[in-house]
1. Quickly run through the stretch 55-86 and pick out the residues that are of a type in the set (Gly, Ala, Ser) and outside any strand (DSSP E or B).
2. Would you pick out the residues in the stretch 20-47 that are more than 14 Å from Gly75 (Cβ to Cβ), loosely packed, with under 13 Cβ neighbours inside 10 Å and free of Cβ contacts under 8 Å to residues at least 24 places away in the same chain?
3. For the stretch 7-19, check the following and say yes or no: at least one residue is under 13 Å from the mean Cα position of the chain (by Cα) and open to solvent by 30 Å² or more (accessible area, probe 1.4 Å).
Amino acid sequence: LTRGTVYSVSFSYAAAQWSLNKGATTETLQVSLGGSTRQTTTYNLPSQGFSGWLSQTFTFMYDGTAPTLKFLATGTPAGEPPMILLDGVTMFDVPEPAAIAGLLSGCAVLARVRRRRL
């Protein structure tokens, strides 16, 4: 990880309950990178409920602290363990606008050269 670089974190998740739990609960997923934390929508689940699979993407600017990507499930009622299912986690750095502009201008030059050859 590089300080000041923007990273995109994508994943799929689902809110659920343990099969032995009875009663409504709430589930939320907190995602942290460095000193920044983002939070998914809080889901209100009925007894033994399941939210279905959802996709989420968060963007973080890495501040140079704690080079760890963390996922934390939180919820209510107190004492009941929250349960979030997690799958397909990917993380990549987001290209700077100047790099994207350079790529597009390079593609335009290649298209012109190809057109001249035809």
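The values are calculated or read from the model by the stated rules, or taken from the named source; none is laboratory data. Values in this document were obtained by computation on a predicted structure and should not be read as measured data. Virtual Cβ from ideal backbone geometry, glycine too; neighbours counted across all protein chains shown. We work out accessible area using only protein heavy atoms, side chains counted, and drop any ligands, DNA or RNA first. Shrake-Rupley method; radii C 1.70, N 1.55, O 1.52, S 1.80 Å.
1. Just the residues of the stretch 55-86 that are of a type in the set (Gly, Ala, Ser), to begin with: 55, 64, 66, 73, 75, 78-79.
Of everything in the stretch 55-86, those that are of a type in the set (Gly, Ala, Ser) and outside any strand (DSSP E or B) turn out to be Gly64, Ala66, Ala78, Gly79.
2. Hit for the stretch 20-47 is Leu20, nothing else.
3. yes
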